[in-house]
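Every read-out reported here was derived from the displayed coordinates using simple, explicitly stated rules and does not represent laboratory data. Bear in mind that the values here come from a model prediction, so they are computed numbers and not experimental data. Neighbour counts run over all protein chains shown; Cβ positions are idealised from the backbone, glycine included.
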Amino acid sequence: MKLKDFQIEAIAETSEYIRDFLVKKEQKKNDKVSEVVLKSPTGSGKTIMAAEILRNLADFFELHPYAIIWAAPNKLHEQSLKKLSDRLAETEYQLVNVDSMSSGALTRNTVLFTNWEKLFKQDKDGNWANRAVRQGEDGKNLQDVLDATRAAGIGIMLIVDESHQTFYGTNSQALVHGVIKPDLVFEISATPKAVMMGGDYHMTEVEFSDVIDSELIKKEVYLNNEIAKNINDSANSVEVVINAALDKRDELAKKYEEQGININPLLLIQLPNTSKETMSELDLKDKDIIESILEKRGLRYSNGELAIWLSDDKQNLENIEKNNSQVKVLIFKQAIALGWDCPRAQVMAMLRDTKSEVFRIQTVGRILRMPEARHYIDDSLNKAYVYTDLPDITIAHDDTDAKNLIKMQVAHRRDDISNIELPSVFIHRTDYGDLRADFKPVLDNILDQTFGTDDSRMTSEDRYNLVDEKLEIYDGELTSPIIADAIIENLDSYEVSEYETIKVNMDAANIERIFNTILRGYTGQFKNWARTKSVVCGTLYSWFKKAGINIERVQKIIACSIVNQEIFSQVFDKALDAYEDIYREEMKRRRDRELEELVFSIPEVDQFNENYTITKSPNNAMEQYYRYDNAPNTEEKFEEMLNRASQIEWWYKNGEKMEKYFAIPYYDLNDRTKTVRKAFYPDYIIRFSDGSTGIYDTKSGFTIENKNTRQKANALQKFIRENAELNLKGGIINVKGESFYIQDSPDYDEDGEWKKFIIQ
């Protein structure tokens with residue numbers, strides 16, 4: 001899988017911190033156990049990012065030997081072992097299961113995978129119960145093996161996958177501090193508890209919106225969508241839920257087929273969690289009821305369209321994860337919930353024996369992934385659907401991802417309004433201000449030209465000699481000058497008396513810091529160093545490695561020599577010049593697909609999360625109007641006027657950042673002073689009784705003077721002029737107290753004429 005931009009950034013930040021921390025620890029500048037936390041949402045590819053972090057650290061571990069313990073709950077460690085075996089196949093890492101652990105020290109670059117929950121179990125006397133931990137005569141236990149590893153001068157890094165599960169329990173922490181004694185703990189979780197527990201940690205956080213924008217996961221989760229269609233006098237609640245979920249699954253299957261996409265969407269039916277993994281008599285009764293409902297729809301184990309995953313009953317699970325699997329429905333309990341990856345799963349029916357349920361993002365995590373890691377033209381395929389017989393749910397107060405994603409309040413478009421069609425756009429993000437992977441061959445080529453190393457048949461020694469001819473590369477040459485015996489005679493004078501300098505060696509951490517600063521200065525207009533660093537540093541490291549020069553020496557060669565810095569400044573100038581045409585062509589290619597032209601109409605259905613409250617609104621285009629709880633007071637005042645007005649047919653509160661909402665393209669200036677396209681989502685669309693359509697955006701205070709307001713205002717007026725046949729009007733509304741003013745001139749001026757605005 002090609003890495004997404006947010007993944008590249010998170011990988012670079014986390015790798016850099018781990019490397020920097022371990023260097024400082026070796027230099028005795030930090031002797032505490034510190035934690036690195038990767039907080040990344042469900043479906044964001046956490047395991048892949050962790051694998052790439054290890055790949056980034058491979059060269060570092062050549063000089064700083066470490067063994068790694070990878071711990072995960074349930075059997076997730078086995079899935080991780082499989083994924084990392086593929087991802088790290090060409091590296092020096094040795095991946096082993098704890099069951100295959102031999103006596104003696106772990107070797108450098110060993111990654112030992114283990115079930116975390118089994119590892120920290122203790123017997124009634126407080127002794128370690130698991131045979132992989134408790135000490136015996138054969139020495140094949142974690143305590144003896146790790147003691148031998150430390151004695152051999154090999155450090156230990158502990159990686160804890162899904163760390164929110166059990167990592168902070170008493171037994172778990174006793175195992176960490178009493179047996180493993182890691183130099184560094186690396187936690188991976190969508191909801192890490194490190195913040196609550198305090199202590200020293202560095203957190204790299206991936207935003208949920210970035211994962212959605214990358215098209216790895218679905219945009220929204222709809223709760224009980226169109227469930228009312230299945231309610232009748234004879235149907236009970238279980239029948240209503242199961243049949244509504246089946247109808248949605250069948251509807252999605254038809255839409256995939258219409259678009260020529262070979263995906264068979266999967267419905268997950270979760271049994272009530274009355275007895276965890278085991279099946280009670282009540283559980284078996286629930287299972288029988290569900291199977292009888294499915295039988296009426298032709299879904300049976302015998303025809304391969306129904307599967308089951310229980311502790312003592314598993315049927316039709318082979319290849320169920322494949323997009324074109326014939327299995328349409330899977331019945332399961334809790335065992336499936338963690339770590340199972342089936343991106344075609346899109347609908348979930350949840351039958352619970354409680355009166356309410358606290359939803360977290362993990363609750364629906366199994367149906368969030370996109371089956372082809374891309375969003376589709378039909379937006380209904382970009383959503384997940386949950387059906388439940390609960391009378392009430394609550395989104396966990398600390399789970400902002402779930403609050404934003406789960407839409408459980410439905411607004412339907414009124415049947416009595418005349419809809420509209422407006423040209424609209426959706427702009428996909430394309431430029432992150434970074435040097436991408438296609439810069440690597442360009443820099444490689446310029447380096448070879450500069451040093452004469454462009455012959456692939458050269459030996460490592462030949463390359464070293466050519467590098468030695470141009471660069472200062474010896475310890476005696478690579479030192480830093482510092483002032484010696486200077487005297488400042490007059491503090492008021494701008495002139496400094498003559499002084500001498502002496503040369504000293506710098507410490508490794510300082511060298512790396514200077515190295516990064518210098519390289520950052522070489523990258524010109526590409527200011528996004530977090531995304532650029534891995535490309536630039538990785539290219540230099542691999543190029544020098546062919547001459548037998550390791551990472552620490554590469555950093556020293558550039559950080560500790562002005563002569564070398566001048567040479568590399570010229571190298572990067574040439575490389576950036578050579579890259580300019582490639583970059584311009586790439587930007588053109590991206591911009592060709594950046595702007596998607598659409599047609600906007602008032603949506604048939606809008607759904608809202610719990611941050612919205614239903615509000616009386618007689619003139620709204622929707623039967624139910626949900627106002628955002630933290631909406632500015634200016635919007636509330638404007639809407640009060642709209643609801644009193646008799647000259648309008650309807651009004652609609654526009655959304656933002658989604659294809660279904662109305663947007664106008666405009667140009668803004670980014671930090672590299674190049675025009676970039678953006679999308680302007682005006683606040684309100686109003687249909688007047690005379691057949692005209694108004695488009696308005698409300699502002700107040702300092703936002704009136706904002707430079708973006710002018711650009712948006714002018715874009716709106718241009719849009720109105722270019723679509724004159726649609727009978728449009730509109731402008732920027734300035735809310736002052738209880739009064740409203742509008743500016744609708746072709747060239748917006750905050751100090752210009754503001755006309756009184758009122759709708760009767």
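Quick one: which of Lys296/Lys383; Lys660/Lys707; Lys46/Lys218; Lys39/Lys440; Lys248/Lys296 span more than 18 angstrom between C-alpha atoms? From Lys296/Lys383; Lys660/Lys707; Lys46/Lys218; Lys39/Lys440; Lys248/Lys296, over 18 Å: Lys296/Lys383; Lys660/Lys707; Lys39/Lys440.
Expressed as a whole number of Å, what is the distance separating the alpha-carbon centroids of region 609-667 and region 60-85? About 50 Å separates the Cα centre of region 60-85 from the one of region 609-667.
When the Cα positions of Leu267, Tyr522, Leu284 are compared along the charge dipole of the chain, Leu284 comes out farthest toward the positive end, with charges on each C-beta of Lys, Arg, Asp and Glu.
Residues whose amide H comes within less than 5 Å of that of Ala190, counting only those at least five positions distant or on another chain, are Ser40 (H built at 1.01 Å from N in the peptide plane). How big is D for region 596-756, in µm² s⁻¹ as a whole number, if Stokes-Einstein is applied with the Kirkwood radius of its Cα pairs at 4 °C and 1.567 mPa s? D, rounded to a whole number, is 78 µm²/s.
Available extension along the chain between Gln94 and Ser302 is 70.6 nm, counting 0.36 nm per residue and deducting the alpha carbon span.
Looking at the chain alone, DSSP beta bridges between its own residues are antiparallel in about 40 percent of cases. Close amide H pairs (under 5 Å, H built 1.01 Å from N) link Ile331 with Ile269, Ala307, Ile308, Trp309, residues at least 5 positions away or on another chain.
With a length cut of 15 Å (Cα positions projected on each helix's long axis) and a Kyte-Doolittle mean of at least 0.0, go through the chain and give me the DSSP H helices that pass. Once both thresholds are applied, what remains is 46-63, 508-522, 529-545. About its Cα centre, the dipole of region 5-207 is roughly 520 debye, where the only charges are +1 on Lys and Arg Cβ and -1 on Asp and Glu Cβ. For Lys255, a cut-off of 14 angstrom between C-alpha atoms picks up these aspartates and glutamates, skipping any fewer than 8 places away in its own chain: Asp247, Asp378, Asp379. Taking the fewest neighbouring Cβ atoms within 10 Å as the starting point, the ordered list for Trp650, Trp340 is Trp340, Trp650. Just add up the charged neighbours of Ala373: K/R +1, D/E -1, any other residue whose Cβ is under 10 Å from the Cβ of Ala373. Around Ala373, the surrounding residues sum to +2. A helix-only calculation puts the chain at -10500 deg cm²/dmol for mean residue ellipticity at 222 nm, using -39500 (n - 2.57) for each DSSP H run of at least four residues, averaged over all residues.
Counted by neighbouring Cβ atoms within 10 Å, the residues Ser617, Ser209 run from fewest to most as Ser209, Ser617. Charges were assigned to the Cβ only: +1 to each Lys and Arg, -1 to each Asp and Glu. The resulting dipole of the chain about its Cα centre is roughly 1360 debye. Each of Phe662, Phe568 was scored by other Cβ atoms within 10 Å of its Cβ. Listed from fewest to most, they are Phe568, Phe662. Along the charge dipole of region 603-760, which of Thr703, Gln607, Ile648 sits closest to the positive end, that is, farthest toward it, with unit charges on the beta carbon of Lys, Arg, Asp and Glu (+1, +1, -1, -1)? With unit charges placed on the Cβ atoms, the residue in question is Thr703.
Would you mind checking Lys219/Lys729; Lys637/Lys699; Lys678/Lys755 for any pair whose Cα atoms are more than 22 angstrom apart? Where the Cα-Cα span goes over 22 Å, the pairs concerned are Lys219/Lys729; Lys678/Lys755. Positive-end ranking of Tyr583, Ile320, Ser172 along the dipole of the chain, with charges on Cβ about the Cα centre, is headed by Ile320. Summary of the geometry: region 86-158 and region 295-337, compared by the centres of their Cα atoms, lie 36 Å apart. For Lys181, the lysines whose Cα comes closer than 21 Å to its Cα, not counting residues fewer than 8 places off in the same chain, are Lys24, Lys25, Lys28, Lys29, Lys32, Lys118, Lys121, Lys140, Lys193.
So how much slack lies between Ser418 and Gln570, counting 0.36 nm per residue of separation and subtracting their Cα-Cα distance, in nm? The Ser418-Gln570 span can extend by a further 48.3 nm.
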